[in-house]
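Here's the structure, in structure tokens; my notes come after.
The values are calculated or read from the model by the stated rules, or taken from the named source; none is laboratory data. The structure presented is a predicted model; accordingly, all values stated were derived computationally and were not measured. Here the Cβ positions follow ideal geometry from the backbone for every residue, glycine too, while neighbour counts run over all protein chains shown. Heavy atoms of the whole protein, side chains included, go into the accessibility calculation; ligands, DNA and RNA do not. Shrake-Rupley method; radii C 1.70, N 1.55, O 1.52, S 1.80 Å.
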Amino acid sequence: MNLLLYGAPGSGKGTQANMLRTHFGIPHIATGDMLRAEIQAGTALGRQAQPILAAGQYVSDEIMIGIVRHRLGKADCGPGFIMDGFPRTVPQAEALDDLMHELGKRFDRVIYLKVPVEELLHRLSGRLVCPTCQRTYPPQTTACAADGSALVQREDDKPEAVRPRIEIYLDKTVPVLDHYRHERLVSEIDGRGTIDEISSQVLAAVNGKHSSPLMGKSPAAGRAQGALPEKPGDGAKTKTA
Ligand code: AP5
Ligand code: MG
């Protein structure tokens, strides 16, 4: 089972990936987590990446493609994997196509978690993360449920980095969705509602119970028309896959 989680910063990719990795027993490949681990370890890559992440900008395609190529070559990806945070640009998507082809793999589904900008800003400003295992938690959580570590705020969740992250997502990452829409792989899910409600919809999409355009059975689903604009200036439209 090879899955790709797509969505804006704060849309819930990491949260749903935690559920999926437990459910399917396959690794979660999160490029942001990998970069933060390099920063924490003080490697040359980490030193290079730190100011880029802190400013909410993107690390170069060349570096990111190299990181993912190396990671996907590891044996634990054999039974499948959950990709989160990559590809973020069209050149990354094209490189991933080539890499998947080389490895004889294909994506089973692309899950797009669609969340309005105001909700993204609210979530990111309150988000807490475990510095040990990178799991994310909502505000007021005291310790990591997995390892008991005290939770911290991510450097790029500070107000000055959050807006640039959303802007670069709209500019560089929104076009990536069309890349997968052409392959009819995208299940679009209204990312509002409780985490459990979203998890049910994600699992339904992955298990092929819905091949959907916009899915959403939560009370929030009716508000989907207010979801994140696909492109700057697009207004509050809901597109189908
Ligand atoms: P990355 O770590 O990938 O960050 P991101 O894409 O900005 O996404 P986030 O991790 O912020 O959000 P998420 O969707 O995982 O949401 P979460 O589940 O935590 O990348 C960081 C940086 O690394 C980039 O900015 C870039 O600099 C660099 N980078 C990484 N990959 C790169 C690449 N390919 N190319 C170039 N540069 C790259 O949820 C958010 C919060 O909401 C949490 O508090 C959570 O508890 C809460 N929440 C989740 N679901 C719900 C719900 N349904 N209702 C209410 N709250 C919820
Ligand atoms: Mg994340």
task = Return the residue satisfying two criteria in turn: it lies in segment 67-76 and is of a type outside the set (Val, Ile, Thr) and outside any loop (DSSP other than H, G, I, E, B), and of such residues it is least open to solvent (accessible area, probe 1.4 Å).
result = Leu72
note = Of the residues in segment 20-63, those that are touching a residue at least 40 places away in the same chain (Cβ under 8 Å) and open to solvent by less than 40 Å² (accessible area, probe 1.4 Å) come to Leu20, Ile26, Pro27, His28, Ile29, Ala30, Thr31, Gly32, Asp33, Leu53, Ala54, Gly56
Which numbered condition Lys105 fails, given (1) among the charged types (D, E, K, R); (2) more than 25 Å from Ile198 (Cβ to Cβ); (3) part of a helix (DSSP H, G or I) = (3)
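More than 27 Å from Asn207 (Cα to Cα) and near ligand 1 (Cβ under 10 Å from one of its atoms): which single residue out of Val117, Val129 fits that description? Spell out the reasoning first.
Numbers: Val117 fails: near ligand 1 (Cβ under 10 Å from one of its atoms).
Of the residues listed, the single one that is more than 27 Å from Asn207 (Cα to Cα) and near ligand 1 (Cβ under 10 Å from one of its atoms) is Val129.
Just the residues that are in contact (Cβ under 8 Å) with a residue 24 or more places away in the chain and under 17 Å from Gly32 (Cβ atoms), please, taken from segment 116-152. Break it down stepwise before answering.
The first filter runs over segment 116-152 and keeps only residues in contact (Cβ under 8 Å) with a residue 24 or more places away in the chain, leaving 116-117, 119-121, 123-125, 127-129, 131, 134-136, 152.
Those that are in contact (Cβ under 8 Å) with a residue 24 or more places away in the chain and under 17 Å from Gly32 (Cβ atoms): Leu120, Arg123, Leu124, Arg127, Leu128, Val129, Pro131, Gln134, Arg135, Thr136, Val152.
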Within segment 161-204, considering residues that are in contact (Cβ under 8 Å) with a residue 40 or more places away in the chain and small (Gly, Ala, Ser), the one farthest from ligand 1 (Cβ to nearest atom) = Ser187
Helices (runs of 4 or more DSSP H) completely within segment 158-241 that count 3 or more residues being open to solvent by less than 20 Å² (accessible area, probe 1.4 Å), at pLDDT 85 or above and small (Gly, Ala, Ser) = 195-206
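Got at least one residue in segment 77-90 being in a helix (DSSP H, G or I), in contact (Cβ under 8 Å) with a residue 60 or more places away in the chain and either basic (Lys, Arg) or loosely packed, with under 15 Cβ neighbours inside 10 Å (or both)? Outline the logic, then answer.
Taking segment 77-90 as the starting set, the residues that turn out to be in a helix (DSSP H, G or I) are 77, 90.
Those still in the list that are in contact (Cβ under 8 Å) with a residue 60 or more places away in the chain too: 90.
Now drop any that are not either basic (Lys, Arg) or loosely packed, with under 15 Cβ neighbours inside 10 Å (or both), which leaves none.
No, the conditions are met nowhere in segment 77-90.
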